[in-house]
Each structure stands twice: as structure tokens, then as C-alpha cells.
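Here's the structure, in C-alpha cells; my notes come after.
The values are calculated or read from the model by the stated rules, or taken from the named source; none is laboratory data. Bear in mind the structure is a predicted one, so any value in this text is a computation, not a measurement. Ideal geometry is used to build each Cβ from the backbone, glycine not excepted, and the neighbour counts take in all protein chains shown.
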């Protein structure tokens, strides 16, 4: 008889841990870490740890089970080859920014973000650059504080910069949802029943 007929207790616990992590996450990203040596991996882990980002290398089969349980089916097609998870419980853009800073100026652009979820919305590789332009939570709060403390003359310019950064990602989100058919509700007929104003 095959000893692999049922998942081991360790695998079940690993999937349960990922399920809980995904439920609490603000940002979830799959990264291909091919080409990183041990020193670089340790450096990346330290960078993530300092910012309270969960970074772990997990088998694709375990991530797939957790994605299925959490309803993150858009990530499943990207579970090919070496995969690392970068998960933020507070700032959905922070893992992308840390990976961008880590690869800046390096000949080998690794790790590479394959896909992710930004506040529950699917993010493809093409959207990563837009996310990198969003101010971090600390910078955003600092900008708002400077607006409140400073003269009103700089209010409009600073606020517009913040809004533009968010709009770039929001625009991509809207386009994806429309393409998926979620925008069809706006075109649905609303006059199925007679108006009760006259009887």
C-alpha cells in the first residue's frame, strides 16, 4: 500500500498555518528566487524581518492547497518552479518595495515577483512597478502630518502626488474587474417591476 495516500500531519499543519496567514494578510506575493546565493537569501530574510514581513520558501503543492482554501485561485497558475512567499499583515505594498530595493542596481534581478494579492485584488507582474510608486504607510503619514503642520500653499501639490500614486493602482484594479465581468452590474436592467408610486 502507498504511504502517500493521505497527507502527513506536518503537511496539514503547514497548510493550516498558510490558511491563517492568508486570512490576515494585506499583501501576498509569490516570488521566484532563482539565482540567489545563501548570503543574499539571509540578507533578504533580515530585511523582511525588520519590517515584520513573513518571508518563507514553501512547496508549491502546499501553497496551492492554501490558495484553494482561501479563494486565491488567481495565484495558482503561477505556482511553478522555486517559489517564496512574501506576506505583509499591515502594509500591502511593503513586500514589493523591499524586493525592489533589494534588486536595485544588481545585475541579477532576483527575486522576481510572479504574482500577488493587493488587499484582495490580483496583481500581475506588470502591476508591480505601479505598486512600488505607492508611498509606504510611514511616508504617507509623514506627508499628511507635514500638510497639517505646514502652510496651506503646499497642500494641493503634495496631496495630488499622493492621490496620483494610489490612482495608478486603482485604475489597474478597475480594469481587471471590468475585464472579469464585475462591471456588468452597472448595465443590468433595473426596471423589472412597475414603480409603486401610482396605484
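Among residues that are out of contact with any strand residue (DSSP E or B) (no Cβ under 7 Å at 6 or more places or on another chain), surrounded by fewer than 18 Cβ atoms within 10 Å (Cβ to Cβ) and at pLDDT 90 or above, residue 65 is not included. Selection of the stretch 106-115 for residues being within 21 Å of residue 40 (Cβ to Cβ) and either in contact (Cβ under 8 Å) with a residue 40 or more places away in the chain or outside the structural domain of residue 71 (by TED's automatic domain parsing) (or both) yields 108, 110, 111, 112, 113, 114.
Only one entry in 91, 74 is out of contact with any helix residue (DSSP H, G or I) (no Cβ under 8 Å at 6 or more places or on another chain) and in the same structural domain as residue 53 (by TED's automatic domain parsing), namely 74.
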